[in-house]
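Read the structure below first, then the notes.
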């Protein structure tokens, strides 16, 4: 049973989601972004947030971009299914988009499939709590990345790791590249492992995220090399 947060002002959609998913999962309803903030502050963790884009007190994409709990998976619900909204949403780490009005059966299948994908990811990450590649370290449990270069000192003179500011999607990309251990990662593998089979993501979105990861890890000496027409490869320092 998963813990879901539904951030949606429509009671009709709330009732539909409860009818479709409430038997198998716990669902907390937040009709406004203010309610969502309180719920996120009070509860340790939600497995999935279903987040409406157009809410009475703000924009769901902006709320996603302002930073949620680390590792929180989000599906955006929107009646404005524009390319710009999708690009911004994926940039801020959304797992998927579901356009309104949605078919109840399709909605149930897509959410259930996403929860299974997230559960498999958690199981895979639980095998080891940390991964290293050169001067990079990933904490898989907390989904955080660190720069291990020497020279940064904490109070007391002890060495201190510098945390890298990665979005959830950027973290998954870097994790995939490190796990492939210097092998070429085809675009198809990136799409499947990072976003899942059921989501259409354009090459422009993939390139955007790869460029962002490159920029954020540049100081560690680790590079992500483009393999023309195929994909990418990580070269650790």
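Points worth noting:
- Counting only residues that are under 19 Å from residue 110 (Cα atoms) and at pLDDT 95 or above, segment 30-50 holds 1 of them.
- Residues that are within 15 Å of residue 171 (Cα to Cα), surrounded by 14 or more Cβ atoms within 10 Å (Cβ to Cβ) and under 21 Å from the mean Cα position of the chain (by Cα), drawn from segment 215-235: 216, 217, 224, 234
- Residues within segment 129-147 that are in contact (Cβ under 8 Å) with a residue 60 or more places away in the chain and more than 18 Å from the chain's Cα centre (by Cα), tallied: 5
- Qualifying position, being modelled with pLDDT of 85 or more, assigned to a loop (DSSP other than H, G, I, E, B) and touching a strand residue (DSSP E or B) at 6+ places or on another chain (Cβ under 6 Å), among 234, 166: 166
- Members of segment 83-111 found to be closer than 15 Å to residue 48 by Cα, touching a residue at least 40 places away in the same chain (Cβ under 8 Å) and in a helix (DSSP H, G or I), listed by number: 107, 108, 110, 111
- If you go through segment 82-98 and keep only what is surrounded by fewer than 14 Cβ atoms within 10 Å (Cβ to Cβ) and under 19 Å from the mean Cα position of the chain (by Cα), you end up with 83, 84.
- Across segment 178-210, the number of residues qualifying as in a helix (DSSP H, G or I) and surrounded by 12 or more Cβ atoms within 10 Å (Cβ to Cβ) comes to 16.
- Members of segment 204-237 that are at positive phi and either free of Cβ contacts under 8 Å to residues at least 24 places away in the same chain or not assigned by TED's automatic domain parsing to the domain that holds residue 164 (or both): 229
- Note on segment 200-221: residues that are closer than 16 Å to residue 132 by Cα and modelled with pLDDT under 90 amount to 3.
The values are calculated or read from the model by the stated rules, or taken from the named source; none is laboratory data. Keep in mind the model is a prediction, meaning the values are calculated, not measured. Every residue, glycine among them, receives a Cβ derived from its backbone with ideal geometry; neighbour counts consider all protein chains shown.
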